[in-house]
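Each remark here refers to the structure printed beneath this line.
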Amino acid sequence: MLAIYCRISKDGFEKRSIETQQAKGVEFANDLKLKYRVYIDKGLSGGSSREGRPELDKMLTDVEEGIITSIYLANQDRIARNEVLWFEIANIVISYKVKIYENGVLFDLNESSEYTMRGIKSIFDADERRKTSKRFKDVLKRNAEQGRRFSFIQFGYAEDIDKKLKIDEVNAEIIKLIFEMSLNGKGVQAIAEHLNQKEIKTAYALHTNDKTTFTTRHGKIKEKKDVKWVGNTIKTIINNPIYKGQRYWSGKYYPVPAIFEEWYWEKVNENFKNNTNNRGQRIKHNYLLKNLLKCGKCGSNYYGKKRLGINGKNPKENYYMCASKRRGEENCGNKSISIDALDTLIWFHMIFGGRIKELIKLHFSNNDEIIKCQDEIENRIKSLEIEKESFQFQFKNILDAIGEYVITKDEATDKLEKLRKGIQNIENIMRDEIKKRDELNNGIKEKTEIINLFQSLKNLDFEEKKELIKKFIKEIIIVGNEDASCNVTIKFNLFGMKDDVYIISKDRKSAHSYSTNEKEGIDASFIRLNKFKDKLINI
C-alpha cells in the first residue's frame with residue numbers, strides 16, 4: 001500500500017498547497033493502480049520530532065507493521081526539515097524495504113550516493129528552517145521593543161500610522177465592562193452571555209481583511225461575523241497583562257499603552273480566582289444512564305449535557321449526545337436524545353414499571369431454550385479444547401524437528417508464529433465462552449434473588465438506582481432516524497436474554513415497542529413518557 005504524506009506548517013499559501021500535495025499523490029497512486037492511505041499533519045513544523053507529528057508517527061508505525069510498502073512525498077522537506085529525523089526515517093525505509101517517491105520520482109536510499117545526497121539536503125533544509133525561524137523571531141522582538149503590533153491585535157487596541165499599538169477607545173469600554181463585571185462576582189460564562197445578548201462583536205468578528213469566512217480546526221467553514229463570546233475568551237482577556245500596559249513576549253515584558261492602572265488589574269485578577277465560572281450556586285448534574293449508552297452508528301459513548309437557563313430553572317440543554325460530536329470532523333451525525341425521555345423509559349417503564357421483571361420471568365420460564373444454550377456453549381468449549389490440543393501437538397513436533405536438525409530455526413519461524421497466534425486466538429475465544437457459561441449458570445442460581453430486587457424501589461437514592469439499572473442492563477444502543485425519532489435497543493446482562501427495542505417519537509413524548517417479546521405475551525407496545533414528567537425531579 002502507498003502512503004501519501006502531506007504537511008502544512010501554517011495558514012495561507014501552504015494551506016492551499018496541501019490540496020495540491022494530496023491531489024498529486026492520489027493521481028500517482030491511481031496511475032500505478034496502487035491502494036493508498038493519506039497522512040496529513042496540519043499546522044506542524046517540519047522540524048518537529050516523530051512524536052510531535054501524529055500522522056507521521058502513524059505512517060511510520062504502519063511501515064513497521066508491514067501495512068505501508070511505499071511512500072509518496074511532494075518534496076523531501078514535507079517529511080522532515082530536521083536532519084536527525086530524516087536519517088531516522090531513511091533508516092526505517094531501508095530496513096523495511098520501502099520505496100520512496102518524491103513528486104512521482106523514485107529515489108533509492110540503498111544507493112550510497114543517493115543516501116549521502118539526501119542526507120546533505122536534509123542538513124540544508126534544517127539550516128534554512130533555523131535561519132528563517134531566527135529572522136522571524138528577530139522581527140517579532142524588534143516590533144515588541146518598539147511597541148508595534150506583531151500578530152493579531154488584542155481586543156481593546158488598534159494601530160496607529162506607524163503600526164504602533166494605541167488604545168481603541170470604543171472597544172476599551174467593553175474591556176472595562178468585562179473587568180467590572182468580573183470584580184462584581186460574575187463568572188466568565190455569565191459575562192460572555194451578557195455580551196452576546198447585547199450583540200457586542202468579538203475581536204475575531206471585527207477583524208477585517210479580504211476573508212469573511214474561516215476554517216475551523218475540524219475543517220468546517222464558518223462566517224467570521226457569527227463568532228460568539230465564550231468563557232475562555234473572557235478568561236484570557238482578564239488574565240492578559242497587556243491591559244495594565246505590559247505585553248509579554250518570549251520571556252520578557254514590553255511597555256504598551258495601559259487601559260487600567262496596575263493596582264486595579266491586580267485587584268480584578270486576585271478576585272477572579274474566587275468566581276471563575278460563577279453563575280450563582282454551582283450545580284452538579286447527575287446522569288442516571290452514564291456509561292451505559294452507546295452510539296449505534298460509530299460505537300462511541302453517549303454522554304449527558306445539561307445547562308440551565310439564566311433563571312436557573314428552564315433547561316437550555318438537556319440531552320444525551322454522541323461523544324463523536326466533540327471530535328469535529330469525526331462526528332458521525334447520530335441524533336441526540338432527551339435525557340428526560342430516555343431516563344423515563346428506563347427507570348419508570350423498565351424498572352419501576354416492572355417491564356424488566358416480566359422479561360426476566362419470561363426468560364427463566366423457557367427452560368428448553370436455556371438448556372439448549374448450555375449445551376451449545378459446552379459443545380463449543382469442547383471443540384475449542386480439541387483444536388487447541390491439535391495446535392499444541394503441531395507446535396511440539398516442529399520444536400522436536402528443530403532439535404533433531406530436520407529443519408532450521410529460521411525455516412520454522414513462520415510456522416511457529418502462526419501456531420502461537422492460533423493457540424492464543426483459541427484461548428481468547430474459550431475465555432469468552434466460559435464467561436458466557438458462568439453468566440448463564442449464575443443467572444439460573446440467582447433467579448429468586450434477582451426477582452426480589454424489585455420489591456422495594458420507592459426509597460432508593462440516586463446512586464442506588466444507578467446500580468440497580470447497571471445490574472440488569474448491559475448497554476443501551478441509540479440510533480437516530482431521518483424523521484428525528486430514535487431507535488433504542490436495550491441489551492441485558494443475563495446471558496441469552498432477548499434485547500428490548502423501542503422507537504422514541506420525534507417529540508419525545510411517547511415510545512413504541514417492536515420487540516419480539518410482544519409475540520411472547522408481554523405487551524409494551526405504547527408508552528406515554530410525558531406522564532412521568534413531574535416525577536423526574538425525584539430521580
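The values are calculated or read from the model by the stated rules, or taken from the named source; none is laboratory data. Here the structure is a predicted model, which means the values were calculated and not measured. All Cβ positions, glycine included, derive from the backbone under ideal geometry; neighbour counts span all protein chains shown.
Just for region 59-92: of the residues that are out of contact with any Lys or Arg (no Cβ under 8 Å at 6 or more places or on another chain) and small (G, A, S), which one is surrounded by the most Cβ atoms within 10 Å (Cβ to Cβ)?
Restricting to residues being out of contact with any Lys or Arg (no Cβ under 8 Å at 6 or more places or on another chain) and small (G, A, S), the top hit is A80.
Please find, among F495, F472, the residue that is modelled with pLDDT of 80 or more and either over 28 Å from the mean Cα position of the chain (by Cα) or closer than 23 Å to Q374 by Cα (or both).
Of the residues listed, the single one that is modelled with pLDDT of 80 or more and either over 28 Å from the mean Cα position of the chain (by Cα) or closer than 23 Å to Q374 by Cα (or both) is F472.
Which is modelled with pLDDT of 85 or more, surrounded by 15 or more Cβ atoms within 10 Å (Cβ to Cβ) and either out of contact with any strand residue (DSSP E or B) (no Cβ under 7 Å at 6 or more places or on another chain) or not polar (S, T, N, Q) (or both), of L56, L32?
It is L56.
Restricting to region 95-125, count the residues that are over 16 Å from L73 (Cβ atoms) and of a type in the set (A, V, I, L, M, F, W, C).
Result for region 95-125: 3.
Can you tell me how many residues in region 249-264 are farther than 20 Å from N171 by Cα and surrounded by 13 or more Cβ atoms within 10 Å (Cβ to Cβ)?
Final tally of qualifying residues: 3.
Pull up region 81-106, narrow it to residues that are of a type outside the set (V, I, T) and in a helix (DSSP H, G or I), then point me to the one that is nearest to the chain's Cα centre (by Cα).
Selected residue: L85.
Could you list, in sequence order, all residues of region 107-128 that are assigned to a helix (DSSP H, G or I), touching a helix residue (DSSP H, G or I) at 6+ places or on another chain (Cβ under 7 Å) and not aliphatic (A, V, I, L, M)? Lay out the reasoning, then the answer.
Looking only at region 107-128, we keep the residues that are assigned to a helix (DSSP H, G or I), and these are 112-128.
Cutting the leftovers down to touching a helix residue (DSSP H, G or I) at 6+ places or on another chain (Cβ under 7 Å) gives us 115, 118-119, 121-123, 125-126.
Scanning region 107-128 gives Y115, R118, G119, K121, S122, D125.
Please enumerate the residues belonging to region 464-501 that are within 14 Å of K290 (Cα to Cα) and basic (K, R).
Within region 464-501, K465, K466, K470, K471, K474 qualify.
Please go through region 103-135 and give me each residue that is of a type in the set (V, I, T) and under 20 Å from G25 (Cβ atoms), ordered by number.
Restricting attention to region 103-135, the residues satisfying the condition of being of a type in the set (V, I, T) are 105, 116, 120, 123, 132.
Matches in region 103-135: V105 only.
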